[in-house]
Every structure is written in C-alpha cells, then in structure tokens.
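Only one structure is covered here, and it is reproduced in the block below.
The values are calculated or read from the model by the stated rules, or taken from the named source; none is laboratory data. All of these numbers come straight from a predicted model, not from anything done at the bench. Because the Cβ atoms are built from the backbone with ideal geometry, glycine has one as well, and the counts that use them run over all protein chains shown.
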Amino acid sequence: MSFSSLRQEIAAAAARMIAEDGLDYSTAKRKAVKQLVGAGSLPRGDVLPDNDEIESEVREYQALFMGDTQPARLARLRRVALSVMDLLERFQPYLVGPVWNGTAGEHSDIALQCFADSSKEVEIFLLNHGIKYEVGERPDFRGRGKVEALYFLWQEEGVMLSIYDGLALRGALKPGPDGRAERGDARAVARLLDDVEGRVQGETA
C-alpha cells in the first residue's frame, strides 16, 4: 500500500470513529493507526493525516451515512448553544469545535470559550443561576498548555466552557491557517443556525 493510500485510509477510519462513536481527533487517529498498521511502530509522520483531512472525511461520512439525521442534530445543538451563549453574554462567549464547524453528531458536546476577568467570576455566575458544574481543563488554543474549563448540562446537552482572560480575545479573532474562522459569536452562530434549519426544512418538505 502506498503512503498516500495509507494516509487516506487512516483519515477515513478516524473519521468513522469520530462520527459514530464521538471520539476526539487525537484518539481516533491513534485507534485508526493501530487498526490499520498494528500495535508496532508508528508510521512515518507524513503518512499521518492532519485534522483538516480528517474533518473532510467526517463531512463525507456524515453526508453518506447520516444525511437524514445529522443536520437536525446539528440544528438542535446550535439552538442550545445560542441559548447558553445568551445567558453568558457578559463573558463574551464564542462557539468552537464540531458544533461551530458543522461536523457535530449524536455524541457531540457544545464547546464554548469565554473571556473574563477571572474564572471565579464565571463560577459564581453559574452558581447564582443554579447551574451545577464540574471543574476541569481544556487545551489552550494559543498552545500554552491548559486553561480552566467548566463542564455542565444545559437543556440536557453537555457544555464545555473554557475560560480565558480578556487579553486572549484578540488572538481568538484571527482566522485559522486555512483562512476560516475558528470560532464564532452569537450573531455568527445565529446565521449558521438559519442555514442548517433551512436545509432541514428543505429535506422534510
């Protein structure tokens, strides 16, 4: 098998695990390598697909095998995301991850980033609104290790809220390497929701 064929097979296998089982990209990639190559040495670096390649395969898999369910699920998650973003408006929430980029599925949670003076301020706010949460960590999008994250349920959906200081917001608004926005505020999410709801209504008409 050529390197390019193996790379594509790894991407396709990882995408299937993400779409069907809700695995994160890193875990899905490792499992795909083990499945296709075995438990021995990892293939050379240029054989491993990057996340953009895997995301493209996820979209293709969802279109082929989940076209009758995934758009409605995505619309549901974006509606819930808008609701919690409205609640958290004072902390400048931005949507990231699969719900933002459109690859969310049955197992996806809503990933938000907020920008506040302190994480305690956000915690107190949630407590004052009767929201129980767990404290954990998420990778810092700036590549600086980890940041504090709060995990809670909102309208029966899981929410992962990463907390950054206000200085991080300028960097957050820069587009990714491919030129696409990596996160969006409530207005951007509302536009995306209109698009996916239009697709859902068209499919059910």
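What do you reckon, is residue 19 in a strand (DSSP E or B), surrounded by 19 or more Cβ atoms within 10 Å (Cβ to Cβ), touching a Gly at 6+ places or on another chain (Cβ under 7 Å) and among the aliphatic types (A, V, I, L, M)?
Values: in a strand (DSSP E or B): no; surrounded by 19 or more Cβ atoms within 10 Å (Cβ to Cβ): yes; touching a Gly at 6+ places or on another chain (Cβ under 7 Å): yes; among the aliphatic types (A, V, I, L, M): yes.
So residue 19 fails the test.
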**Study point:** Inter-residue pairs, beta-carbon under 8 Å, first of a type in the set (Ser, Thr, Tyr) and in segment 161-172, second assigned to a helix (DSSP H, G or I), 6+ apart
**Key:** 164/172
Review point. Can you tell me how many residues in segment 166-205 are touching a Phe, Trp or Tyr at 6+ places or on another chain (Cβ under 7 Å) and not aliphatic (A, V, I, L, M)?
Key: 4
Review point. Where residues in segment 147-167 are touching a Pro at 6+ places or on another chain (Cβ under 9 Å) and of a type outside the set (Val, Ile, Thr), which of them is nearest to residue 78 (Cα to Cα)?
Key: 161
Check your understanding: Among the helices (runs of 4 or more DSSP H) confined wholly to segment 97-205, which include 1 or more residues that are at pLDDT 95 or above and either surrounded by 14 or more Cβ atoms within 10 Å (Cβ to Cβ) or of a type in the set (S, T, N, Q) (or both)?
Key -> 97-101, 119-128, 186-204
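Can you pull out the residues in segment 124-152 that are in contact with a strand residue (DSSP E or B) (Cβ under 9 Å, 6 or more places away or on another chain) and on the phi > 0 side of the Ramachandran plot? Can you show your working first?
So the first thing to find is which residues in segment 124-152 are in contact with a strand residue (DSSP E or B) (Cβ under 9 Å, 6 or more places away or on another chain), and the list is 126, 131-142, 145-152.
If the condition is that a residue be in contact with a strand residue (DSSP E or B) (Cβ under 9 Å, 6 or more places away or on another chain) and on the phi > 0 side of the Ramachandran plot, then 145 is the only one that fits.
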